[in-house]
1. Of the residues in segment 65-93, how many are out of contact with any helix residue (DSSP H, G or I) (no Cβ under 7 Å at 6 or more places or on another chain) and free of Cβ contacts under 8 Å to residues at least 12 places away in the same chain?
2. Working only within segment 158-185, note down all residues that are closer than 18 Å to Ser103 by Cβ and either of a type in the set (S, T, N, Q) or over 17 Å from the mean Cα position of the chain (by Cα) (or both).
3. Based on what the data block shows, is Arg107 buried (at least 19 other Cβ atoms within 10 Å of the Cβ) and at pLDDT below 95?
4. Residues that are among the basic types (Lys, Arg), part of a helix (DSSP H, G or I), surrounded by fewer than 20 Cβ atoms within 10 Å (Cβ to Cβ) and at pLDDT 95 or above: does segment 85-96 have at least one?
5. Quick one: would you say Arg138 is under 23 Å from the mean Cα position of the chain (by Cα), at pLDDT below 95 and charged (D, E, K, R)?
6. Out of (1) over 19 Å from the mean Cα position of the chain (by Cα); (2) aliphatic (A, V, I, L, M); (3) not in a helix (DSSP H, G or I), what's the single condition that is false for Leu199?
7. Within segment 137-170, take every residue that is in a loop (DSSP other than H, G, I, E, B) and in contact (Cβ under 8 Å) with a residue 60 or more places away in the chain and give me the one that is most open to solvent (accessible area, probe 1.4 Å).
8. Mind listing just one residue for me: the one in segment 178-195 that is of a type in the set (A, V, I, L, M, F, W, C) and modelled with pLDDT under 95 and, of those, surrounded by the most Cβ atoms within 10 Å (Cβ to Cβ)?
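The values are calculated or read from the model by the stated rules, or taken from the named source; none is laboratory data. Computed from a predicted model, the values in this text were never measured in an experiment. Here the Cβ positions follow ideal geometry from the backbone for every residue, glycine too, while neighbour counts run over all protein chains shown. Accessible surface areas use protein heavy atoms only, side chains included; no ligands, DNA or RNA. Shrake-Rupley method; radii C 1.70, N 1.55, O 1.52, S 1.80 Å.
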Amino acid sequence: MSTAEEKAGGEIEPWAEVTPDAARRLLVAAVEAFAERGYHATTTRDIASRAGMSPAALYIHYKTKEELLHRISRIGHEKALEILRTAARREGSATERLADAVSSFVRWHAGRRTTARVVQYELDALGPDARAEIVALRRQCDAEVRGIIEEGVAAGEFDVLDVWATTLAVLSLCIDVARWFNIAGSRTPDEVGALYADLVLRMVGASN
């Protein structure tokens, strides 16, 4: 499934912050190539060809293939953090906020499945400095979800013995949607989001 097909399926292209247009086209081409072939099997020539450009043109905008992956990963993780932070800090009970966080996070992983596969599963291809930056963003994502669960336990809404492990389980469940979701399947991203929110509330023993 290409990023173009994802957009055709009703999703807004998330790369508006990438300019100029040539840099955006190369980034979108890289997302598709990395998702299809994997980072290590993809060459800069593959990316440039998908973007309808010459290999030399790529180096005008990105010094290395890793720079492309780093930018994709950073933008994707910043979006993920925004989604979770918005849900965590809204008004409402811990139950309501956890349901919102999960449904929104799952919708993004389903609707942006091509992008999400690259963002979530190519971390180890990054060099030490870039990887450290992305890991820090991931920890912030973890903290937002963990905070909701901790508040729910403190308020008597959730029955959770191990908050840290439960947070890991919740996030892993959401992220894995990018691996299997198919836009031609029987469920929409909204429906999968609602289903997973219900599953997670059951997981944490939500009282209401």
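1. 5
2. Those that are closer than 18 Å to Ser103 by Cβ and either of a type in the set (S, T, N, Q) or over 17 Å from the mean Cα position of the chain (by Cα) (or both): Phe158, Thr166, Thr167, Ser172, Gly185.
3. Details: buried (at least 19 other Cβ atoms within 10 Å of the Cβ): yes; at pLDDT below 95: no.
For Arg107, the condition - buried (at least 19 other Cβ atoms within 10 Å of the Cβ) and at pLDDT below 95 - is not met.
4. First pass over segment 85-96, keeping only residues among the basic types (Lys, Arg): 85, 89-90.
Now narrow it down to the ones that are part of a helix (DSSP H, G or I): 85.
Subset that is surrounded by fewer than 20 Cβ atoms within 10 Å (Cβ to Cβ): 85.
Now drop any that are not at pLDDT 95 or above, which leaves 85.
Yes: segment 85-96 contains one or more residues that are among the basic types (Lys, Arg), part of a helix (DSSP H, G or I), surrounded by fewer than 20 Cβ atoms within 10 Å (Cβ to Cβ) and at pLDDT 95 or above.
5. On the way: under 23 Å from the mean Cα position of the chain (by Cα): yes; at pLDDT below 95: no; charged (D, E, K, R): yes.
It is false that Arg138 is under 23 Å from the mean Cα position of the chain (by Cα), at pLDDT below 95 and charged (D, E, K, R).
6. Among (1) over 19 Å from the mean Cα position of the chain (by Cα); (2) aliphatic (A, V, I, L, M); (3) not in a helix (DSSP H, G or I), Leu199 violates only (3).
7. From segment 137-170, those in a loop (DSSP other than H, G, I, E, B) are 155-162; that's our starting set.
Pick out the ones that are also in contact (Cβ under 8 Å) with a residue 60 or more places away in the chain and you get 155, 157-158.
Working: Ala155: 68, Glu157: 27, Phe158: 13 Å².
Result: Ala155.
8. Going through segment 178-195, the residues of a type in the set (A, V, I, L, M, F, W, C) turn out to be 178, 180-181, 183-184, 192, 194-195.
This time we only want the ones that are modelled with pLDDT under 95, so: 178, 180-181, 183-184.
Values: Ala178: 23, Trp180: 10, Phe181: 21, Ile183: 17, Ala184: 7.
Top of the filtered list is Ala178.
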